């Protein structure tokens, strides 16, 4: 059993425990093979983490977007977008995180 | 700009009110809600007279933003969402119509609308993440947060144009330049306009302080949520001009919000998923 964030969850994973909404409503039961609809419902109900049955392969084969982007590419794009954030303290955790998200978004938009 | 040419906040508010007013339906809903013997059916009947609005409200109530399933009538939507919340939602969905006369080259309503809806969704999701009660108000305040900018474009297009030009070169955010040349900014103006329209303080105050939430006395937390959502929208370029620098984060107010950064990506992803759907659901004749 592995606990993963909702962002790492993918369709066809199997739930290791029941998932409840914030008001206690049962959204899906243990053993359910989740679909895209489940994921949408989980997000809508503010679920942040779910427990899934571990797959055989290491770390359930989860690959996040950031893994696919090289550190160099990220650094380069962050430098490009830096002027937009010039009025802000770039070392503030929120600003740093927003710059990273903005860069990732730009890279994935370019790739598509 | 010469001092005698600077319009005062009150003047701009009254000039805006003489050109546009909240839609009639908002006032009718308000009267009905405040009437001691009015029922939910009375409220639903008023909304149902406008077919376009009815369809948009129903689509919205059935969207993932609310998480209800199969709401097939306005009276059911009113029951589940709440009478005041529906009234404010009606205002947010219909108000842009009053600003159609703004010249396209000054402000693109479509982009403004996209930014407003994105800010509304992100505000609501941040509030939801923080377990705030009654999160609907964040959606409405988010949609209305830049209404002062619309009012300024309508009443003083020339002032807006010159401030825009300067923002592109001065490396300053729009609201700071507005404060410098007008002595007030679009946030203050928006708050004052909503107040003049008798919109409740829990919406008008966060709008008024969305650039400087620390200055808000009674609605600091709400204002900070709108402030952060606005900043996120600008950073991720939802319907905004990418050439104008992003406004400064009010770091003090943000730290008081105690929003865990681990939640940022979740909020952004959740909002991304909802944005497209909500934009389609509430698309009307702007």
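With respect to the conditions (1) more than 14 Å from chain A (Cβ to nearest Cβ); (2) modelled with pLDDT of 90 or more, residue B:177 falls short on a single one, namely (1). Only residues that are more than 10 Å from chain B (Cβ to nearest Cβ), surrounded by fewer than 14 Cβ atoms within 10 Å (Cβ to Cβ) and either on the phi < 0 side of the Ramachandran plot or modelled with pLDDT under 85 (or both) were counted across the range A:25-49, and they come to 7. The residues on offer are B:278, B:282, B:226, and the sole one that is crowded, with 20+ Cβ neighbours inside 10 Å, within 18 Å of residue A:94 (Cβ to Cβ) and touching a residue at least 24 places away in the same chain (Cβ under 8 Å) is B:226. Being touching a helix residue (DSSP H, G or I) at 6+ places or on another chain (Cβ under 8 Å), over 27 Å from residue B:148 (Cβ atoms) and in a helix (DSSP H, G or I) holds for only one residue in B:33, B:71, B:25, B:43, and it is B:43. Residue check: residue B:85 meets all listed conditions (1) in a loop (DSSP other than H, G, I, E, B); (2) under 25 Å from residue B:194 (Cα atoms) but one, namely (1).
Considering (1) surrounded by 20 or more Cβ atoms within 10 Å (Cβ to Cβ); (2) modelled with pLDDT under 90; (3) part of a helix (DSSP H, G or I), the lone condition that residue B:65 does not fulfil carries the number (3). Scanning the range B:46-62 for residues that are part of a loop (DSSP other than H, G, I, E, B), under 23 Å from the mean Cα position of the chain (by Cα) and farther than 24 Å from residue A:44 by Cβ returns a single hit, B:50. If only residues of the range B:243-253 that are facing another protein chain (nearest Cβ under 7 Å) and part of a loop (DSSP other than H, G, I, E, B) are counted, the one that is nearest to residue B:170 (Cα to Cα) is B:245.
The values are calculated or read from the model by the stated rules, or taken from the named source; none is laboratory data. For clarity, every value in this text was computed on a predicted model and none was experimentally measured. Here the Cβ is made from the backbone with ideal geometry for all residues, glycine too, and neighbour counts use every protein chain on show.
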